[in-house]
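What follows draws every value from the coordinates through simple rules; no lab data is involved. Keep in mind the model is a prediction, meaning the values are calculated, not measured. Cβ coordinates were reconstructed from backbone atoms using ideal geometry, including for glycine residues, and neighbour counts include every protein chain displayed.
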Amino acid sequence: MSKITTLLSPVAAGIALAVFAMPSQAAIVDFQDVISGNCASYYSGAVQSGGFNFTGNPVDSNLFVCNAGVIGSNTTAALINANLRSVVTMAQVGGAAFSLNSFFAGGRNPQGYYSLATSIDILGNLVGGGTVSTSVVLDSSSSYAWAQYSLSPSFSNLSSVTFTAQGNGNRPEFLIDDISINAAPVPAPVPEPESYAMLLAGLGLMGFAARRRSRS
């Protein structure tokens, strides 16, 4: 019986590790897994990329994924919430917590009724309540200036993040891309107690059969 107990202990430990040992995973959300083009439109106001859901301004949630250089100096496809003040909210599919490390962004050059975005307000909603916030000033050294912006470690354990354009008018817009995150994988379903019981019973039968063979 002691031999069976010795056998089962590593198995049980392995099951626990498989269920609970889920380190965060670093990743870049770059919108290369969605249809782009000369600003492919998502009038439903939702885009899913890299395991994250993105939504736009609740007042006018039109989202567009634009090829490199179509309306900015971005080097690959980028996301924009256009036609009104750019407001982009991201949350992990499945609702797991994540950290926001950095992102690339650039303001859209004002034309027609669009205005110049000079900064982006960033509001992070923390798991369990509370918020963290900051603001970044967009690079205005050239039209459509494209630059990387890094966040402090306080942008961790997030349930969602909202990016809001600020500028000198009521329709400032920005493009966003290459969002660096650390996200916990979506937990696998925990086996029911009955499953553990069946596993242990099966191992017990295997041990019993092995003892019978050794005696014979």
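Taken over the stretch 137-181, the alpha-carbon convex hull comes to 107 cubic angstrom per residue. Subtracting the Cα-Cα distance of SER41 and ASN53 from 0.36 nm times their residue separation leaves 2.8 nm of extension gain. For the pair ALA27 and ALA145, label points projected 7 Å from Cα toward Cβ lie 3.2 nm apart. Around the amide H of PHE174, modelled in the peptide plane, lie the amide H atoms of ASN81, SER86, ARG108, all under 5 Å away and 5 or more residues distant in sequence or on another chain.
Each residue of the stretch 173-179 was assigned a 3J(HN,Hα) from its phi angle through the Karplus curve 6.51 cos²θ - 1.76 cosθ + 1.60 (θ = phi - 60°); the sequence is 10, 9, 9, 9, 6, 6, 7 Hz, with glycine and proline shown as x. Applying 1/(1 + (r/R0)^6) with r as the Cβ-Cβ distance of ASN62 and ALA97 and R0 = 30 angstrom yields a FRET efficiency of 0.55. With a cut-off of 9 Å between beta carbons, the residues surrounding ALA77 carry a summed charge of -2, where Lys and Arg count +1 and Asp and Glu -1. Taking max minus min of the alpha-carbon positions on each principal axis, the stretch 51-155 gives extents of 42, 26, 23 Å, largest first.
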